[in-house]
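Please read the structure below before turning to the comments.
The values are calculated or read from the model by the stated rules, or taken from the named source; none is laboratory data. Note that the structure is a prediction, hence the values are computed from the model and not measured. A quick note on method: Cβ atoms are made from the backbone with ideal geometry, for glycine too, and the neighbour counts reach across all protein chains shown. With ligands, DNA and RNA removed, areas are computed over all heavy atoms of the protein, side chains included. Shrake-Rupley method; radii C 1.70, N 1.55, O 1.52, S 1.80 Å.
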Amino acid sequence: MGLPLWDLTESNPTRCDFAYPSNLLAALTDADAFLYEPHPKGLFKARQAIARYYEEKGWSVDEEHLLLTASTSEAYAFLFRLLLNPGDRVLVPRPSYPLLDFLADLNDVRLDAYPLVYDDSRWRIDMERLAAAICSDTRALVLINPNNPTGSVITLAEREALVELCHRHNLALISDEVFGDYLFPADVAGEPRSTHHSQSDDQRVPTLVTTSEVLTFTVSGVSKVLGLPQMKLAWIVVTGPAHLADEALSRLEIISDTYLSVSTPVQHALPRWMTQRNVLADQILHRLIANRTMLAKVVSLSSSCRLLAADGGWYAVLQLPGVEDEEEFALNLLDSDGVLVHPGYFFDFAEPGYVVISLLPPDEIFRTGVGKLIERLARG
């Protein structure tokens, strides 16, 4: 028999022992779901429920500036088709989730990376290198906020710099905010900050959903907001100068009308699901905070690794100064200890010596897996 598996990569909430509402699936039996009356933007009642979700957070979103998709991946595909011709370029953060590479290939566009760097005990966008990466055929800039996997949220100063760059170079701004409901309190976010920073450096900007200066597309979905990846519903909020936003919406409707990929029963169920949003979101956030707090305590007792600061999200980044080959380390950890982690290169870290772990696993799995990870590092 093999070793038991302690999976510290699991990011599917339906496999992490959360208590979903027992009546969740009842919403799919809405009688109206038997009538097929598609709308390219998505059913109004579903878009209205999403607008209310933002309103509860203090942000005003127009239902007519919302368009539903079957997933955030499809949202990216629609936006790449809208904004780029074959061979055009889009800027994406590094480190970042590798799915963007596949989506770019499928849509015949090219990715250029702009770096996130870790200094002053936080991640920040290297604005000079971002500006230098803009080419004559760059059409859009992707922001992942909070970033996956670093968990970093942009500051007010970064937001203003991004908007200025997009305005100057006529770029569309795509803000992927799927992890936006999962922000950490300051006491679990990470390392102490330097005192040499301004108030704008500290002020986090959790969403660009009200951005009006440049053409902006905010992406999210029920995969993270409701912990329901299997229900396949996401959305795009379109904002910006009126003439640009209106034209973009008109063209997006044509793209969406070609596919009409969002399930009718799911759209009808969404308003009821949204009223139950906090039932699961609170469980997930509690798990994330508890696991990160435990991880920080364990790491603080070890000289062999460092937990990097994060503002939110479902992942933690560990820096392993003594590890040169992170893939070899991850394979040895799996073979010898039964612990599964992501090597940093999976997320396109610029340097070796990082592993990424999910904060979603139940307590026993997470605690045991982290303990074995730290023991492996101590043995060298």
Practice prompt. Keeping all protein chains in place, calculate the accessible area per residue for the stretch 268-352 (probe 1.4 angstrom), answer in Å².
Written response: 44
Practice prompt. Provide the per residue accessible area, probe 1.4 Å, for the stretch 29-72, rounded to a whole number of square angstrom.
Written response: 54
Fill in: For the stretch 314-380, convex hull volume per residue from C-alpha positions, Å³
74
Worksheet item: Among rounded, prolate and oblate, which fits the chain when a ≥ b ≥ c are the square roots of the eigenvalues of its C-alpha gyration tensor, a/c under 1.5 means rounded, and a/b larger than b/c means prolate?
Response: oblate
Fill in: Quarter of Cα convex hull surface for the stretch 217-273, i.e. mean projection, nm²
4.4
Item to complete: Compute log10 of I(q)/I(0) for the stretch 1-140 with the Debye formula, placing one identical point scatterer on every Cα and leaving out solvent, at q = 0.14 Å⁻¹, to two decimals.
Response: -1.07
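When N is the residue count of the stretch 181-323, what does its C-alpha Rg come to as a fraction of 2.2 N^0.38 Å?
On the way: Rg = 19.9 Å, N = 143, 2.2 N^0.38 = 14.5 Å.
My calculation over the Cα atoms of the stretch 181-323 gives 1.37.
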Response to the item:
Computed about the Cα centre, the charge dipole of the chain from +1 Lys/Arg and -1 Asp/Glu charges at the Cβ has a magnitude in debye, to the nearest 20, of 600
Practice prompt. On each of the three principal axes of the Cα atoms of the stretch 243-335, give max minus min coordinate, whole Å, ordered largest first.
Written response: 55, 34, 32
Response to the item:
When the charge dipole of the chain is computed with +1 at the Cβ of Lys and Arg and -1 at the Cβ of Asp and Glu, the Cα pointing farthest to the positive end, of 298, 171, 142, is that of 298
Worksheet item: What span do the alpha-carbon atoms of the stretch 301-347 cover on each of the three principal axes, reported in whole Å from largest to smallest?
Response: 32, 23, 18
Item to complete: Go through 343, 61, 91 and say which Cα lies farthest out towards the positive end of the charge dipole of the chain; charges sit on Cβ, +1 for Lys and Arg, -1 for Asp and Glu.
Response: 61
Worksheet item: So for the pair residue 378, residue 119, with labels modelled 7 Å out along Cα→Cβ, what separation do we get in nm?
Response: 3.5
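Once you keep just the Cα pairs under 8 angstrom separated by 6 or more residues, what percentage relative contact order results for the chain? Show your work: numbers first, answer last.
Values: 713 pairs, mean separation 97.1, N = 380.
Taking the mean separation of contacting Cα pairs over the length of the chain, I get 26 percent.
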Worksheet item: Any idea how far apart residue 324 and residue 25 come out in nm if each label point goes 7 Å out from Cα toward Cβ?
Response: 5.4
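Using only the alpha carbon atoms of the stretch 82-186, find the Kirkwood hydrodynamic radius as the inverse mean reciprocal pair distance, in angstroms to one decimal.
On the way: mean 1/r = 0.0704 Å⁻¹.
That comes to 14.2 Å for the stretch 82-186.
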Practice prompt. Could you go through the stretch 355-362 in sequence order and give the Karplus-derived ³J(HN,Hα) for each residue, using 6.51 cos²θ - 1.76 cosθ + 1.60 with θ = phi - 60°, rounded to whole Hz, and x for Gly and Pro?
Written response: 10, 10, 10, 7, 9, 7, x, x
Worksheet entry | GNM top mover of 322, 313, 180 - the chain, alpha-carbon springs below 10 Å | 322
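Which percent of the accessible heavy-atom area of the chain goes to carbon and sulfur, probe 1.4 angstrom?
Working: 8670 of 16790 Å².
So the carbon and sulfur contribution to the accessible surface is 52 percent.
What percentage of all Cα-Cα pairs in the stretch 54-112 are separated by more than 18 Å? Let's see the in-between values first.
Values: 777 of 1711 pairs.
For the stretch 54-112, the fraction of Cα-Cα distances above 18 Å is 45 percent.
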Discussion item. Counting only helical runs of four or more DSSP H residues, what would the 222 nm mean residue ellipticity of the chain come to if each run contributes -39,500 (n - 2.57) and the total is spread over all its residues?
Written reply: -12000 deg cm²/dmol
Response to the item:
A correct Karplus calculation of ³J(HN,Hα) over the stretch 69-78, with 6.51 cos²θ - 1.76 cosθ + 1.60, θ = phi - 60°, whole Hz and x for Gly and Pro, returns 9, 7, 6, 5, 4, 5, 4, 4, 4, 4
Worksheet entry | Whichever lysines have a C-alpha closer than 27 Å to that of residue 57, once near sequence neighbours (fewer than 8 apart) are set aside | 41, 45, 224, 232
